[in-house]
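Enquirer: Below you will find the structure I want to go over with you.
The values are calculated or read from the model by the stated rules, or taken from the named source; none is laboratory data. Not measured: the values here are computed from a predicted model. With ideal geometry, Cβ positions are generated from the backbone for all residues, glycine too; neighbour counts draw on all protein chains shown. Just so you know, the surface numbers come from the protein's heavy atoms only, side chains and all, with ligands and any DNA or RNA stripped out. Shrake-Rupley method; radii C 1.70, N 1.55, O 1.52, S 1.80 Å.
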Amino acid sequence: MKRLLQLLSMAVLALTLSAPALAGEGGRTPLPTIPAAKGDQCVEDTADMRRNHMKYLKHHRDETMHQGIRTEKYSLKQCLECHVPAEGSMAAGGKESEGHFCVNCHVYAGVTLDCFECHATKPETTAQFHPLVSPAAMKAERPDSNGLLNRLVGVTENKTGVAHE
Amino acid sequence: MSEHKQPDLARRELLGRGAAIAAAGVTLAPGVMLYGVAQAKPADEPVSSKVRWGMLVDTTKCSSGCNACVEACDKEHGLGNEQHSRDGQRTQYIRKVELRHKFTGATHSLPVMCQHCETPPCVDVCPTGASFKRADGIVLVDRHICIGCRYCMMACPYKARSFVHEALTDQRPHTPRGKGCVESCTLCVHRVDEGREPACVEACAADGSRAIIFGDLNDPNSEIAQRVKTYASSEIRADLGLNTGVRYQGI
Ligand code: SF4
Ligand code: SF4
């Protein structure tokens with residue numbers, strides 16, 4: 001338990017600091033890759049978004065669903081607009097290694113309830129599913145807490161932090 | 001959040017009567033009218049019960065064998081991407097139904113989709129509150145809440161709902177769909193909120209049939225309100241008293 005807490009606090013610390021700086025060679029902890037986004041600033045501070053994005057999204061989702069409020073701030077569609085290139089971060093553009101902004105972190109943090117079992121993973125033009133949540137990949141094992149621990153303790157074969165097939 | 005505002009029936013009648021004295025569209029030539037185009041509501045404004053979205057299907061203009069609305073719907077919502085489901089399990093938001101009167105032999109072809117009931121049985125039976133009706137009359141499934149029990153499918157008299165049996169890929173951004181949830185025609189709510197018409201209505205018009213018109217039944221100046229006021233139209237299974245938003249002419 002103590003070890004788990006230690007590891008978790010490590011992960012939080014690592015996430016709070018600038019990821020690319022730590023993710024470089026020699027970093028002891030594997031970190032998720034954070035692909036670059038459009039624009040300079042997210043709708044809230046980065047730290048706030050890291051902690052609270054799910055709350056903002058959930059609040060906005062209910063307003064959209066039930067009241068037809070379709071403002072862009074806090075909408076999942078808008079997250080993807082900025083964070084995921086329409087022309088396939090996975091396929092086109094040679095950015096495959098960078099992976100998907102949301103999915104990278106969710107896999108890293110072991111978040112299995114993500115939005116992408118139902119929601120498109122890309123903005124309009126080429127709405128497609130990330131290979132990770134394709135039916136084939138869904139059959140593959142999701143990282144359980146042990147798997148996650150293993151990763152955190154230094155299973156390094158997967159440098160991008162994403163379980164590509 | 002998900003409080004269901006049921007429009008007041010008495011008020012509806014009053015509005016209906018109001019329509020008789022309200023100004024109609026501009027007459028350009030005898031029989032040719034110019035109707036105001038529905039304005040998109042501002043994105044930050046909640047939908048209001050002043051509006052009741054509806055559709056009117058003129059079955060005399062709908063031809064047997066034409067499938068334009070169904071194809072447009074499948075394309076719009078990214079339907080038909082099930083890999084393992086049997087045909088009977090695949091999602092259908094809209095389907096063509098062929099009718100034949102046993103005695104007279106008269107035939108009709110008509111599209112049937114969720115009828116967007118004013119008093120929807122699907123909403124009555126839903127144990128979770130996932131099935132709900134928006135203030136503007138559009139009946140939806142909140143798939144964040146739906147547990148996939150399928151009571152609503154049993155309750156719907158129009159067989160309008162489908163259940164997703166398998167993990168899906170390639171969703172459209174405006175129509176999230178996934179395994180374990182029930183879904184049905186959304187009246188293209190994502191378009192309606194932008195002031196556009198549903199995909200089936202657009203496709204039918206583009207095909208030259210113009211058998212389906214869409215509009216605000218509560219706005220006395222809208223084409224649909226004028227049409228239902230002027231011509232006899234009916235609901236399917238009117239005996240159920242659901243006051244559907246989708247009405248049919250010619251059956
Ligand atoms: S047609 Fe069926 S699914 Fe649509 S509102 Fe009526 S009962 Fe519900
Ligand atoms: S399947 Fe979903 S929407 Fe239908 S009754 Fe059950 S919970 Fe409600």
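Enquirer: Criterion first (open to solvent by 10 Å² or more (accessible area, probe 1.4 Å) and within 11 Å of another protein chain (Cβ to nearest Cβ)) does B:GLU202 satisfy it? Show your work before the answer.
Expert: Working: open to solvent by 10 Å² or more (accessible area, probe 1.4 Å): yes; within 11 Å of another protein chain (Cβ to nearest Cβ): no.
No; evaluated as a whole, the condition is false for this residue.
Enquirer: So, one more: Hey, could you check region B:165-179 for residues that are open to solvent by 10 Å² or more (accessible area, probe 1.4 Å) and either within 26 Å of B:PRO46 (Cα to Cα) or more than 9 Å from chain A (Cβ to nearest Cβ) (or both) and say which is farthest from ligand 2 (Cβ to nearest atom)? Quick ask: steps written out before the conclusion?
Expert: Looking only at region B:165-179, we keep the residues that are open to solvent by 10 Å² or more (accessible area, probe 1.4 Å), and these are B:165-167, B:169-170, B:172-174, B:176, B:179.
Right, trim to either within 26 Å of B:PRO46 (Cα to Cα) or more than 9 Å from chain A (Cβ to nearest Cβ) (or both) and you get B:165, B:172-174, B:176.
On the way: B:HIS165: 13, B:ARG172: 20, B:PRO173: 22, B:HIS174: 19, B:PRO176: 15 Å.
Only one residue tops the list, namely B:PRO173.
Enquirer: Quick one: would you say B:SER2 is at pLDDT below 50 and polar (S, T, N, Q)? Don't jump to the end; show me each part of the working.
Expert: Working: at pLDDT below 50: yes; polar (S, T, N, Q): yes.
Taking the combined requirement at face value, the residue satisfies it.
Residue by residue, here is whether (1) in contact with a helix residue (DSSP H, G or I) (Cβ under 7 Å, 6 or more places away or on another chain); (2) surrounded by fewer than 20 Cβ atoms within 10 Å (Cβ to Cβ); (3) modelled with pLDDT of 95 or more; (4) under 21 Å from B:ARG247 (Cβ atoms) holds:
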| site | (1), (2), (3), (4) |
| --- | --- |
| B:CYS114 | no, no, yes, yes |
| B:VAL125 | yes, yes, yes, no |
| B:THR128 | no, yes, yes, no |
| B:VAL141 | no, no, yes, no |
| B:MET154 | no, yes, yes, no |
| B:ALA160 | no, no, yes, yes |
| B:PHE163 | yes, yes, yes, no |
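Enquirer: Considering each residue of region B:81-94, count those that are away from chain A (no Cβ under 13 Å), within 14 Å of B:VAL164 (Cβ to Cβ) and open to solvent by 50 Å² or more (accessible area, probe 1.4 Å), and give that number.
Expert: Of the residues in region B:81-94, 4 are away from chain A (no Cβ under 13 Å), within 14 Å of B:VAL164 (Cβ to Cβ) and open to solvent by 50 Å² or more (accessible area, probe 1.4 Å).
Enquirer: Still on this structure, please answer the following. Take residues that are under 24 Å from B:LYS179 (Cα atoms), at pLDDT 90 or above and open to solvent by 70 Å² or more (accessible area, probe 1.4 Å) and tell me which of the helices (runs of 4 or more DSSP H) falling wholly in region A:46-133 contain 2 or more. Give the derivation first.
Expert: Details: elements: A:46-67, A:76-83, A:101-109.
Result: A:46-67.
Enquirer: Of the residues B:GLU118, B:GLU197, which single one is charged (D, E, K, R), more than 21 Å from A:ASP114 (Cα to Cα) and within 16 Å of ligand 1 (Cβ to nearest atom)?
Expert: Working: B:GLU197 fails: within 16 Å of ligand 1 (Cβ to nearest atom).
On inspection, the qualifying residue turns out to be B:GLU118.
Enquirer: OK, next. I need the full set of residues from region B:228-251 which are outside any loop (DSSP other than H, G, I, E, B), under 17 Å from the mean Cα position of the chain (by Cα) and touching a residue at least 12 places away in the same chain (Cβ under 8 Å), in order please. Before the answer, list the steps.
Expert: So in region B:228-251, the residues outside any loop (DSSP other than H, G, I, E, B) come out as B:228-230, B:234, B:238-240, B:244, B:246-249.
Now narrow it down to the ones that are under 17 Å from the mean Cα position of the chain (by Cα): B:228, B:234, B:238, B:244, B:246-249.
The answer is B:VAL228, B:SER234, B:THR244, B:VAL246, B:ARG247, B:TYR248, B:GLN249.
Enquirer: Exactly one condition in (1) more than 14 Å from chain A (Cβ to nearest Cβ); (2) open to solvent by 20 Å² or more (accessible area, probe 1.4 Å); (3) among the β-branched types (Val, Ile, Thr) is not met by B:ILE145; state its number.
Expert: Here B:ILE145 meets the rest and fails (1).
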